[in-house]
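Contents: one structure, followed by commentary.
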Amino acid sequence: MENKTAVKPHVIIIGAGFGGIRTARALAKSGVKITLIDKYNYHLFQPLLYQVATAGLSIDDIAYPVRAIFREQKNVDFRLAEVIAVDFENKAVTMNTGTLCYDYLVVAAGGMTNYSGMVSLKEHCFGMKTIDEAVAIRNHVLRMFELAAHEKDGDKRRALLTFVIVGGGPTGVESAGALSELIYHVMIKEYHTLNFKEVRIMLVEASDRLLAAMPEELGDITVETLIGKHVEVRMCVQVTGYDGERMTLKGGEIIPTYTLIWAAGVKANELVGKLNVEQASMGRAIVNDYLQIPNRPDVFIIGDSAQCMQDQRPLPMVAPVAMQQAEIAAKNICGLIRGKKLKKFVYNDVGNMATIGRNAAVVHMGKFKIHGFLAWAIWSFVHILRLIDFRNRAVVFVKWIWDYLVYERIVRIITRQ
């Protein structure tokens, strides 16, 4: 077991997502030793993951090596490892590669797909939380068209060309719109033997609204826009099972499909369940106003892993929450080191937005509500700005301009991944 440094307090950060990276950056110049642990060696910009799945972007457009982010910060070390356990009493983090001791710990492990306990869905459908899952979706969609192009059996061909996305939140809406544009702007030009009237894109939502966090009128506009893009929107419909070839809905309806993308829910990373802390809904750890767990002032939990209440409601599991919590966690660690008063976390709601495709998006910020081209331009600007590196911003911007001008998706390669 590694000894704690006597010179600089050692801060261990678990997770290189939005919260973890922001925490490390905020602490980098504070004179502490930082160890950032993640099982992947890159930071992933998850909001654009669906564009990898629909052949709009490459994986290196939305991912960036962690070590490259902190190459100028000599006090930041990175460990490529998976955390197995945390010993609060001895202030030790056990990884699959060894054990490290800490003075302060920040758990920013993020979230994972929530299949609501349905084993058949977990086994057969596609999630969209990791690069591997997004690439698997892209490969699969492209392969379905290759198979359908030479399939003589009409029923099987229509099943191959039926694409179901479950979940009416931003990920589901954006995925449905992007998939429609891939199919009806690009694929239709190249698969001359197919009748594209047989293609079926279905967005399934269990509630009676899309984009529930936004005003109802923006949800209604989203439905209309998706319908105009040949997407069949099914609301108040619950999926009860999927075996890889048939999707079963509550009530008994069966829809033949070889493609089901699950964007219906997220829960805290499974690591939280191993910490022996009090958990709330979605497996999130309950934290106090300072983002600490009870009776452990040296342990902070942020982002999707933390249940943080505001206005008597849990905060949403979105990137802006994680990034704002990271700033407060970093300030409070510095406050503990210097013996200063800690700062309570209060979330500043930056609003919600979702794109539905070319020239179509919805944006809600406070009393500001907008849709159409201007909303799409705002969405594009915000997402490019949030990318972590200038190179990523430049490449994504150029690809989006190219796609906008010539209706082309360059990344239509079926890989072995």
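The values are calculated or read from the model by the stated rules, or taken from the named source; none is laboratory data. What you see is a predicted model; the values in this text were computed from it and never measured. Positions of Cβ are backbone-derived with ideal geometry, glycine not excepted, and every protein chain shown enters the neighbour counts. To get the accessible areas, we keep the full protein, side chains included, count just its heavy atoms, and leave off ligands, DNA and RNA. Shrake-Rupley method; radii C 1.70, N 1.55, O 1.52, S 1.80 Å.
Here the Karplus relation 6.51 cos²θ - 1.76 cosθ + 1.60, evaluated at θ = phi - 60°, turns the backbone of segment 81-88 into coupling constants of 6, 10, 6, 9, 7, 10, 9, 5 Hz, with x for every Gly and Pro.
Remark: segment 101-111, residue by residue, has Karplus-estimated 3J(HN,Hα) of 9, 9, 9, 9, 10, 10, 9, 10, 6, x, x Hz, where x stands for each Gly or Pro and the curve is 6.51 cos²θ - 1.76 cosθ + 1.60 at θ = phi - 60°. The fraction of accessible area contributed by carbon and sulfur in segment 226-357 is 48 percent, rounded to a whole number (1.4 Å probe; ligands and nucleic acids excluded).
One decimal place: the segment Phe381-Ala68 gains 110.3 nm when fully extended, by the rule 0.36 nm per residue minus the C-alpha distance. Neighbours of Lys267, meaning other residues whose beta-carbon lies under 9 angstrom from its beta-carbon, give a summed charge of -1 when Lys and Arg score +1 and Asp and Glu score -1.
Less than 5 angstrom separates the built amide H of Met202 from those of Phe163, Val164, Ile165, Glu232, all sequence-distant by 5 or more or on a different chain. Greater than 24 Å separation of Cα atoms is the criterion. Which listed pairs, Lys29/Lys344; Lys29/Lys399; Lys229/Lys267; Lys229/Lys367, meet it? As for pairs spanning more than 24 Å Cα to Cα, those are Lys29/Lys399; Lys229/Lys267; Lys229/Lys367. Please determine, in degrees from 0 to 90 and to the nearest 10, the orientation of helix 18-27 with respect to the longest principal axis defined by the Cα atoms of the chain, where the helix direction is its Cα long axis. Rounded to the nearest ten degrees, it is 30. Among beta bridges from DSSP that stay inside the chain, the antiparallel ones total about 50%. The residues of the chain present an accessible area of 47 Å² per residue when probed at 1.4 Å with all protein chains retained.
Placing a pseudo-label 7 Å from each Cα along the Cα-to-Cβ vector at Thr193 and Phe368 gives an inter-label distance of 5.2 nm.
Go ahead and estimate [θ] at 222 nm for the chain from helices alone: -39,500 (n - 2.57) per DSSP H run with n ≥ 4, summed, over the residue count, rounded to 500.
So the helix-based figure for the chain works out to -9500 deg cm²/dmol.
3J(HN,Hα) couplings calculated from phi for segment 72-79 with the Karplus curve 6.51 cos²θ - 1.76 cosθ + 1.60 (θ = phi - 60°) are, in sequence order, 8, 9, 5, 8, 10, 10, 10, 10 Hz; Gly and Pro show x. For Lys33, a cut-off of 12 angstrom between C-alpha atoms picks up these aspartates and glutamates, skipping any fewer than 8 places away in its own chain: Asp77, Asp103.
Once backbone amide H atoms are built at 1.01 Å from N, Val287 has Gln307 as its partners under 5 Å, excluding neighbours fewer than 5 places away on the same chain. Cross-link partners of Lys152 among lysines, defined as those whose alpha carbon lies under 19 angstrom from its own and excluding same-chain residues fewer than eight positions apart: Lys197. Rg over Rh for the chain works out to 0.99, both radii taken from alpha-carbon positions and Rh defined as the Kirkwood radius. The apolar share of the surface of segment 71-118, taken as the fraction of accessible area on carbon and sulfur atoms (1.4 Å probe, ligands and nucleic acids excluded), comes to 44 percent.
For the cross-link pairs Lys39/Lys340; Lys331/Lys369; Lys156/Lys189, the ones whose C-alpha atoms lie over 30 Å apart are Lys39/Lys340; Lys331/Lys369. Take the convex hull of the alpha carbons in segment 1-129; its mean projected area over all directions comes to 9.6 nm². For segment 323-417, rounded, prolate or oblate, judged on the Cα gyration tensor with a ≥ b ≥ c (square roots of eigenvalues), a/c < 1.5 rounded, else prolate if a/b > b/c? Oblate, because a/c is 1.5 or more while a/b does not exceed b/c. Near the amide H of Gly241, within less than 5 Å, lie the amide hydrogens of Thr248, all on another chain or at least 5 residues away, with H placed in the peptide plane.
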